[in-house]
Amino acid sequence: MKLFTKNMIILGFVVLLAVFPLYFAKDAEFGGADGEASEAIMELNADYTPWFESFWEPPSGEIESLLFALQAALGSGFVFYYLGYSRGKHSFSKRDQA
Amino acid sequence: MIELSRRLSERSCFNLMEIGKLKRTGLFLVYVFAVYMVFPDNVYAMHIMEGFLPFNWAAFWWIAMVPFVIAGVRSIRKTVKLHPNLKMLLGMAGAFAFVLSALKIPSVTGSCSHPTGVGLGTMLFGPTAMTVLGMIVLIFQALLLAHGGITTLGANTFSMGVVGPLVAYGIYKGLKKLGAPQWLSIFMAATLGNLMTYVTTSIQLGLAFPAATGGIMASILKFMGIFAFTQVPLAISEGLLTVMVFNILNAYSKRELQVLTAFTGKAISTLKGGVKA
């Protein structure tokens, strides 16, 4: 089995795992849930007040998603840069030996 | 179809993989229904937010984190000094954690959480190296995204950068020793490392917020149920993605992989030095 085919099959499973909940739990909110975390803690200890605030919070959901997208883009950019680089190096050295 | 199955049977290794997947699918369905019965409500699973650990616990986890960070810096320095050409691979391991931490993926519990991506680097560079890289990712998210926090950085680094990698490392080594195929060792290591990260988060929250009835244990179990269940499909996703990357590395970066003692397990005496010192 070719590397590409093998990885595409694996990727298929990953996509299925991500898409399945959307159908399975149709009515769920799929919240980012940071707010709910505090609720659960308040439930356990109603007197608790967070003693520290974030230095800076993204002013809106749009800007937050921009930053998350940026994080993913930077990360995947480097991951694929490396994978492409090593593939190129590999095929180059193979040609050298031939 | 017949041709396909013949091709599959030619590779016994792949057959094993298929069987494993079938078993996993079955288990997953059982799990899904269990979850739906127990937690029909919207739940959450992520890092501990800014200010949401009492001062003493925040300080405790900061202190607990420090030795691992120091060991990690030393380990990275040593790797880079011994093999300067591995710098890019190290960067890639960090970038992998960076991108996976940004992907909030829906789970069957009806909320979203994200993978951690530290398993890959752990198997390449050893667990403490990933403490450092994981901490960098967490700092970025705490400062720019108000996700996690600086006061809770110690606790979050401890779960994602210490416990997760240590578990992944132990599982990887153990399964390899037992003679499991490499893809399975990698998959289980990344998956369980991810899962244990969130189990640790639940323990940290449980310790800090004991339930009025049942105390610490009841509280831990409550958080654990929520966190661990949401995380299961994501942990599996992380395991699969990690196997994907290793497939590519095996094909194109064989030479780099052979140098990495943490990965091959050869030369154990230098391995210990490489990881700890």
Please list, by residue number, everything in region A:37-72 whose backbone N is under 14 Å from a paramagnetic label point 7 Å out along Cα→Cβ of residue B:55. A:49-53
Rounded to whole angstrom, the alpha-carbon centroid of region A:60-85 lies from that of region B:61-95 at a distance of 22 Å
Computed FRET efficiency, Cβ-Cβ of residue B:63 and residue A:49, R0 22 Å: what is it to the nearest 0.05? 0.40
Counting only other chains, what is the mean number of Cβ atoms within 10 angstrom of the Cβ of each residue in peptide A:83-91? 4
Quick one: what do you get for region B:149-243 if you divide its Cα Rg by 2.2 N^0.38 Å? 1.19
Residue B:113's amide H: which non-local residues (gap 5+, or another chain) put their own amide H closer than 5 Å, with H modeled 1.01 Å from N in plane and none for Pro or chain starts? B:105, B:107
Report the label-to-label distance for residue B:143 and residue A:26 in nanometres (one decimal), using points 7 Å from each Cα along the Cα→Cβ vector. 4.6 nm
Return one quarter of the surface area of the convex hull spanned by the alpha-carbon atoms of chain A, equal to its mean projected area, in nm². 11.7 nm²
I'm checking a number: the convex hull volume of the Cα atoms of region B:45-164, normalised per residue, in Å³. What is it? 97 Å³
Karplus ³J(HN,Hα) for region B:222-238 (6.51 cos²θ - 1.76 cosθ + 1.60, θ = phi - 60°; Hz, whole; x = Gly/Pro) runs 4, 5, 5, x, 5, 5, 5, 5, 4, 7, 3, x, 5, 5, 5, 4, 4
Please turn the phi angles of region B:54-62 into ³J(HN,Hα) values with the Karplus equation 6.51 cos²θ - 1.76 cosθ + 1.60 (θ = phi - 60°), one per residue in order, whole Hz, x for glycine and proline. x, 3, 4, 5, 4, 5, 4, 6, 4
For region B:49-276, what D do you get in µm² per second when you plug the Kirkwood radius from alpha-carbon pairs into Stokes-Einstein at 20 °C and 1.002 mPa s? 121 µm²/s
Angle between chain A longest axis and helix A:61-97 axis [Cα atoms, degrees, rounded to 10]: 20 degrees
Here region A:6-19 yields Karplus 3J(HN,Hα) values (6.51, -1.76, 1.60; θ = phi - 60°; whole Hz; Gly and Pro given as x) of 4, 5, 5, 5, 4, 4, x, 5, 4, 4, 4, 4, 7, 7
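All of the numbers you see were taken from the coordinates with simple rules; none came from a lab. In this text the structure is predicted, and so the values were computed from the model without any measurement. Here the Cβ is made from the backbone with ideal geometry for all residues, glycine too, and neighbour counts use every protein chain on show.
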